[in-house]
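The values are calculated or read from the model by the stated rules, or taken from the named source; none is laboratory data. All figures in this text were calculated on a predicted structure; none of them were measured in a lab. Heads up, the Cβs are rebuilt from the backbone with ideal geometry, glycines too, and the neighbour counts pull from every protein chain shown. With ligands, DNA and RNA removed, areas are computed over all heavy atoms of the protein, side chains included. Shrake-Rupley method; radii C 1.70, N 1.55, O 1.52, S 1.80 Å.
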Amino acid sequence: MEKKELLYEGKAKKVFATEDPDVLIVDYKDDATAFNGLKKGTIVGKGAINNRMTNHIFKILETKGVPTHYIEELSDRETAVKKVEIVPLEVIIRNFSAGSFAKKMGMEEGIKFKQPTLEFSYKNDDLGDPFINKYYALALDLATEEEINTIEKYAFIVNDVMREYFDSLGIELIDFKIEFGRYHGQIILADEVSPDTCRLWDKETHEKLDKDRFRRDLGNVEDAYQEVFRRLGIH
Ligand code: ADP
Ligand code: UDP
(Lines give C-alpha, C1' and ligand atoms only; values in the text may rest on other atoms or scores of the structure.)
(Ligands and ions follow the chains in the order given, each with its own letter.)
Protein backbone atom coordinates (compact mmCIF):
# COMPACT_ATOMS: atom_id res chain seq x y z
CA MET A 1 0.00 0.00 0.00
CA GLU A 2 1.52 3.30 -1.11
CA LYS A 3 0.69 6.93 -0.41
CA LYS A 4 -0.42 8.90 -3.47
CA GLU A 5 -1.52 12.54 -3.32
CA LEU A 6 -2.23 14.40 -0.09
CA LEU A 7 -6.02 14.85 -0.04
CA TYR A 8 -6.36 16.73 3.21
CA GLU A 9 -4.25 18.03 6.05
CA GLY A 10 -6.20 18.42 9.27
CA LYS A 11 -5.17 19.56 12.71
CA ALA A 12 -4.00 16.12 13.85
CA LYS A 13 -3.68 13.96 10.75
CA LYS A 14 -2.81 14.00 7.07
CA VAL A 15 -4.98 11.97 4.72
CA PHE A 16 -3.52 10.48 1.54
CA ALA A 17 -5.08 8.76 -1.45
CA THR A 18 -3.85 5.32 -2.51
CA GLU A 19 -4.09 3.39 -5.77
CA ASP A 20 -7.34 1.90 -4.42
CA PRO A 21 -10.23 4.43 -4.52
CA ASP A 22 -11.77 2.75 -1.46
CA VAL A 23 -8.62 3.07 0.65
CA LEU A 24 -6.91 6.04 2.32
CA ILE A 25 -3.74 6.27 4.36
CA VAL A 26 -3.95 8.42 7.48
CA ASP A 27 -0.72 9.80 8.88
CA TYR A 28 -0.91 10.97 12.50
CA LYS A 29 1.00 14.13 13.46
CA ASP A 30 2.45 15.33 16.78
CA ASP A 31 0.66 18.67 16.27
CA ALA A 32 -1.84 19.58 18.96
CA THR A 33 -4.55 22.22 18.81
CA ALA A 34 -7.30 23.28 21.17
CA PHE A 35 -10.13 25.81 21.29
CA ASN A 36 -10.93 25.40 17.60
CA GLY A 37 -7.30 25.89 16.54
CA LEU A 38 -6.63 29.00 18.68
CA LYS A 39 -4.05 27.20 20.84
CA LYS A 40 -1.29 25.37 18.96
CA GLY A 41 1.56 23.17 20.09
CA THR A 42 3.39 19.89 19.75
CA ILE A 43 3.04 16.77 21.86
CA VAL A 44 6.15 14.72 21.10
CA GLY A 45 5.27 11.10 20.29
CA LYS A 46 1.52 11.74 20.17
CA GLY A 47 1.11 10.74 16.51
CA ALA A 48 2.43 7.24 17.04
CA ILE A 49 0.50 6.75 20.29
CA ASN A 50 -2.81 7.92 18.83
CA ASN A 51 -2.34 5.82 15.71
CA ARG A 52 -1.51 2.61 17.55
CA MET A 53 -4.10 3.18 20.29
CA THR A 54 -6.88 3.84 17.76
CA ASN A 55 -6.04 0.69 15.83
CA HIS A 56 -5.88 -1.40 19.01
CA ILE A 57 -9.28 -0.18 20.17
CA PHE A 58 -10.91 -0.39 16.73
CA LYS A 59 -9.82 -4.05 16.54
CA ILE A 60 -11.48 -4.74 19.91
CA LEU A 61 -14.64 -2.91 18.78
CA GLU A 62 -14.81 -5.00 15.60
CA THR A 63 -14.99 -8.14 17.76
CA LYS A 64 -17.91 -6.56 19.65
CA GLY A 65 -19.96 -5.90 16.51
CA VAL A 66 -18.98 -2.31 15.71
CA PRO A 67 -17.74 -2.03 12.10
CA THR A 68 -14.76 0.34 11.74
CA HIS A 69 -12.63 1.86 8.96
CA TYR A 70 -9.50 -0.02 10.11
CA ILE A 71 -7.66 -2.04 7.47
CA GLU A 72 -3.96 -2.29 8.32
CA GLU A 73 -1.34 -0.52 10.43
CA LEU A 74 1.46 0.42 8.02
CA SER A 75 3.91 2.05 10.43
CA ASP A 76 4.02 3.74 13.83
CA ARG A 77 2.10 6.70 12.45
CA GLU A 78 0.38 5.42 9.32
CA THR A 79 -2.69 3.28 8.84
CA ALA A 80 -4.66 2.14 5.80
CA VAL A 81 -8.38 2.79 6.33
CA LYS A 82 -11.58 2.45 4.36
CA LYS A 83 -12.40 5.73 2.68
CA VAL A 84 -15.74 6.92 4.00
CA GLU A 85 -17.97 9.92 3.49
CA ILE A 86 -17.81 11.41 6.98
CA VAL A 87 -21.21 12.11 8.56
CA PRO A 88 -20.68 15.72 9.73
CA LEU A 89 -21.68 14.98 13.31
CA GLU A 90 -19.34 14.77 16.28
CA VAL A 91 -20.87 12.18 18.55
CA ILE A 92 -20.06 12.81 22.21
CA ILE A 93 -20.78 10.34 24.99
CA ARG A 94 -20.32 11.29 28.62
CA ASN A 95 -20.23 9.10 31.74
CA PHE A 96 -19.11 11.85 34.15
CA SER A 97 -19.46 15.64 34.12
CA ALA A 98 -16.49 17.48 32.61
CA GLY A 99 -15.47 20.15 30.13
CA SER A 100 -18.23 22.02 28.30
CA PHE A 101 -20.96 20.00 30.04
CA ALA A 102 -19.75 20.94 33.52
CA LYS A 103 -19.49 24.58 32.46
CA LYS A 104 -22.91 24.68 30.82
CA MET A 105 -24.65 22.94 33.71
CA GLY A 106 -22.78 24.83 36.43
CA MET A 107 -21.45 21.57 37.83
CA GLU A 108 -18.06 20.55 39.12
CA GLU A 109 -16.16 17.96 37.07
CA GLY A 110 -16.12 14.27 37.89
CA ILE A 111 -19.73 13.73 38.97
CA LYS A 112 -20.85 10.27 37.81
CA PHE A 113 -24.09 10.26 35.80
CA LYS A 114 -26.99 7.94 36.50
CA GLN A 115 -26.75 6.94 32.86
CA PRO A 116 -24.52 8.06 29.95
CA THR A 117 -25.46 11.05 27.79
CA LEU A 118 -25.18 11.29 24.02
CA GLU A 119 -24.98 14.57 22.15
CA PHE A 120 -24.15 15.79 18.68
CA SER A 121 -22.10 18.71 17.42
CA TYR A 122 -22.33 19.85 13.83
CA LYS A 123 -18.81 19.24 12.45
CA ASN A 124 -18.14 22.69 11.04
CA ASP A 125 -14.95 24.55 12.01
CA ASP A 126 -16.24 27.93 10.78
CA LEU A 127 -19.17 27.69 13.20
CA GLY A 128 -17.04 26.23 16.02
CA ASP A 129 -18.80 22.82 15.94
CA PRO A 130 -22.13 23.98 17.45
CA PHE A 131 -24.26 21.72 19.65
CA ILE A 132 -27.23 20.32 17.70
CA ASN A 133 -29.88 17.68 18.30
CA LYS A 134 -31.30 14.91 16.15
CA TYR A 135 -34.03 17.16 14.72
CA TYR A 136 -31.49 19.76 13.57
CA ALA A 137 -29.46 16.97 11.96
CA LEU A 138 -32.55 15.69 10.14
CA ALA A 139 -33.71 19.20 9.17
CA LEU A 140 -30.27 20.01 7.76
CA ASP A 141 -30.16 16.61 6.02
CA LEU A 142 -26.85 15.73 7.68
CA ALA A 143 -27.97 12.10 8.02
CA THR A 144 -31.12 10.01 7.68
CA GLU A 145 -33.12 8.90 10.69
CA GLU A 146 -32.00 5.33 10.10
CA GLU A 147 -28.36 6.44 10.02
CA ILE A 148 -28.77 8.42 13.24
CA ASN A 149 -30.37 5.42 14.95
CA THR A 150 -27.45 3.23 13.85
CA ILE A 151 -24.93 5.85 14.99
CA GLU A 152 -26.57 6.08 18.43
CA LYS A 153 -26.68 2.30 18.77
CA TYR A 154 -23.00 1.91 17.86
CA ALA A 155 -21.95 4.88 20.03
CA PHE A 156 -23.42 3.27 23.16
CA ILE A 157 -21.73 -0.05 22.32
CA VAL A 158 -18.44 1.82 21.89
CA ASN A 159 -19.02 3.37 25.32
CA ASP A 160 -19.80 0.04 27.00
CA VAL A 161 -16.79 -1.70 25.46
CA MET A 162 -14.34 1.15 26.10
CA ARG A 163 -15.55 1.81 29.63
CA GLU A 164 -15.02 -1.81 30.60
CA TYR A 165 -11.68 -1.99 28.80
CA PHE A 166 -10.26 1.21 30.32
CA ASP A 167 -11.55 0.16 33.72
CA SER A 168 -9.36 -2.96 33.45
CA LEU A 169 -6.39 -0.59 32.90
CA GLY A 170 -7.21 1.47 35.98
CA ILE A 171 -8.66 4.29 33.88
CA GLU A 172 -12.05 5.97 34.17
CA LEU A 173 -13.61 6.86 30.79
CA ILE A 174 -15.08 10.30 31.52
CA ASP A 175 -16.24 11.23 28.01
CA PHE A 176 -15.22 10.95 24.35
CA LYS A 177 -15.95 12.08 20.81
CA ILE A 178 -16.29 9.75 17.83
CA GLU A 179 -17.10 10.14 14.15
CA PHE A 180 -18.89 7.84 11.73
CA GLY A 181 -18.85 7.56 7.95
CA ARG A 182 -20.73 5.99 5.08
CA TYR A 183 -18.99 3.12 3.33
CA HIS A 184 -20.90 1.46 0.49
CA GLY A 185 -24.20 2.33 2.17
CA GLN A 186 -23.14 1.16 5.64
CA ILE A 187 -22.41 3.28 8.71
CA ILE A 188 -18.96 2.50 10.13
CA LEU A 189 -16.80 4.03 12.87
CA ALA A 190 -14.05 6.28 11.44
CA ASP A 191 -11.46 8.83 12.58
CA GLU A 192 -9.73 8.08 15.92
CA VAL A 193 -10.07 7.17 19.58
CA SER A 194 -7.16 8.54 21.59
CA PRO A 195 -6.21 10.82 24.50
CA ASP A 196 -6.92 13.67 22.03
CA THR A 197 -10.57 12.66 21.78
CA CYS A 198 -11.30 11.02 25.15
CA ARG A 199 -11.11 12.23 28.75
CA LEU A 200 -9.25 9.53 30.66
CA TRP A 201 -8.66 9.83 34.41
CA ASP A 202 -6.61 7.54 36.61
CA LYS A 203 -9.18 5.61 38.65
CA GLU A 204 -7.33 5.97 41.95
CA THR A 205 -5.70 9.41 41.80
CA HIS A 206 -8.10 11.03 39.27
CA GLU A 207 -5.05 12.36 37.47
CA LYS A 208 -5.93 13.53 33.96
CA LEU A 209 -4.29 11.34 31.30
CA ASP A 210 -5.53 13.18 28.21
CA LYS A 211 -5.48 16.36 26.13
CA ASP A 212 -6.85 18.46 29.00
CA ARG A 213 -3.21 18.55 30.23
CA PHE A 214 -2.40 20.48 27.02
CA ARG A 215 -5.63 22.54 26.90
CA ARG A 216 -5.25 23.66 30.51
CA ASP A 217 -1.42 23.87 30.70
CA LEU A 218 -1.26 21.22 33.44
CA GLY A 219 2.24 20.03 32.47
CA ASN A 220 3.51 16.46 31.89
CA VAL A 221 1.50 16.25 28.67
CA GLU A 222 3.79 13.73 26.96
CA ASP A 223 3.99 11.65 30.14
CA ALA A 224 0.19 11.33 30.25
CA TYR A 225 -0.02 10.05 26.65
CA GLN A 226 2.89 7.65 27.35
CA GLU A 227 1.18 6.39 30.50
CA VAL A 228 -2.04 5.54 28.67
CA PHE A 229 -0.02 3.83 25.93
CA ARG A 230 2.01 1.89 28.50
CA ARG A 231 -1.18 0.59 30.15
CA LEU A 232 -2.52 -0.60 26.80
CA GLY A 233 0.45 -2.99 26.75
CA ILE A 234 0.78 -2.97 22.96
CA HIS A 235 4.50 -2.23 22.48
P1 ADP B 1 -9.64 17.91 11.64
O2 ADP B 1 -10.26 17.79 10.28
O3 ADP B 1 -10.70 18.12 12.71
O4 ADP B 1 -8.53 18.91 11.72
P5 ADP B 1 -7.83 15.57 11.61
O6 ADP B 1 -6.55 16.32 11.57
O7 ADP B 1 -7.92 14.40 12.50
O8 ADP B 1 -9.09 16.47 12.02
O9 ADP B 1 -8.12 15.17 10.11
C10 ADP B 1 -8.59 13.94 9.72
C11 ADP B 1 -9.82 14.13 8.86
O12 ADP B 1 -10.11 12.92 8.18
C13 ADP B 1 -11.04 14.49 9.70
O14 ADP B 1 -11.75 15.54 9.06
C15 ADP B 1 -11.87 13.20 9.70
O16 ADP B 1 -13.25 13.46 9.76
C17 ADP B 1 -11.47 12.56 8.38
N18 ADP B 1 -11.53 11.10 8.38
C19 ADP B 1 -11.26 10.25 9.38
N20 ADP B 1 -11.39 8.96 9.00
C21 ADP B 1 -11.75 9.00 7.69
C22 ADP B 1 -12.05 7.99 6.71
N23 ADP B 1 -11.99 6.69 7.01
N24 ADP B 1 -12.41 8.40 5.46
C25 ADP B 1 -12.48 9.73 5.15
N26 ADP B 1 -12.20 10.72 6.02
C27 ADP B 1 -11.84 10.37 7.27
N1 UDP C 1 -13.84 16.45 21.81
C2 UDP C 1 -13.07 16.21 20.69
N3 UDP C 1 -13.07 17.12 19.67
C4 UDP C 1 -13.80 18.25 19.71
C5 UDP C 1 -14.60 18.50 20.85
C6 UDP C 1 -14.58 17.57 21.88
O7 UDP C 1 -12.40 15.18 20.60
O8 UDP C 1 -13.78 19.03 18.74
C9 UDP C 1 -13.85 15.48 22.91
C10 UDP C 1 -13.12 15.99 24.14
O11 UDP C 1 -11.77 15.55 24.14
C12 UDP C 1 -13.88 15.33 25.27
C13 UDP C 1 -15.30 15.19 24.72
O14 UDP C 1 -15.20 15.30 23.32
O15 UDP C 1 -13.37 14.03 25.51
C16 UDP C 1 -16.27 16.23 25.25
O17 UDP C 1 -15.75 17.51 25.04
P18 UDP C 1 -16.48 18.82 25.58
O19 UDP C 1 -17.78 18.98 24.87
O20 UDP C 1 -16.52 18.79 27.05
O21 UDP C 1 -15.62 20.00 25.01
P22 UDP C 1 -14.31 20.70 25.51
O23 UDP C 1 -14.41 20.88 26.99
O24 UDP C 1 -13.22 19.79 25.08
O25 UDP C 1 -14.35 21.98 24.75
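For Lys112, the solvent-accessible surface computed with a 1.4 Å probe is close to 140 Å², ligands and nucleic acids excluded.
Less than 23 Å apart at the alpha-carbon level, and either on another chain or at least 8 residues along: which lysines does that give for Lys39? List returned: Lys11, Lys13, Lys14, Lys29, Lys103, Lys104, Lys123, Lys177, Lys208, Lys211. Quick one: if the Förster radius is 22 Å, what FRET efficiency do Arg215 and Asp125 give, using the C-beta to C-beta distance and rounding to 0.05? In this case the efficiency is close to 0.85.
For the set Leu200, Leu24, Leu218, the ranking by accessible area, highest first and with no ligand, DNA or RNA atoms included, is Leu218, Leu24, Leu200 under a 1.4 Å probe.
Working note: 222 nm ellipticity from helices only, DSSP H runs with n ≥ 4, each -39,500 (n - 2.57), summed and divided by the residues of the chain, gives -9500 deg cm²/dmol to the nearest 500. Among the GluC sites (Glu not before Pro) in the range 56-119, those placed in a DSSP loop whose Cβ has at most 11 other Cβ atoms within 10 Å are Glu108. Of Val84, Tyr154, Gly106, which is farthest on the positive side of the dipole of the chain, counting Cα position, with +1 on Lys and Arg Cβ, -1 on Asp and Glu Cβ, and the Cα centre as origin? Projecting each Cα onto the dipole axis, the largest value belongs to Gly106.
With all pairs of different C-alpha atoms in the average, the Kirkwood value for the hydrodynamic radius of the range 8-134 is 16.8 Å. Ligands, DNA and RNA left out, the accessible area of the chain computed with a 1.4 Å probe is 49% carbon and sulfur. The order of Val84, Val228 by accessible area, most exposed first and with a 1.4 Å probe, is Val84, Val228.
If you sort Lys11, Lys40 by accessible surface, 1.4 Å probe, largest first, the order is Lys40, Lys11. All C-alpha to C-alpha distances of the chain, sorted into 5 Å bins beginning at zero, yield P(r) values of 1, 6, 14, 19, 20, 20, 13, 6, 2, 0, 0 percent in whole numbers. Restriction of the chymotrypsin sites (Phe, Trp or Tyr not before Pro) in the range 34-81 to DSSP coil positions whose beta-carbon has at most 15 other beta-carbons within 10 angstrom yields Phe35.
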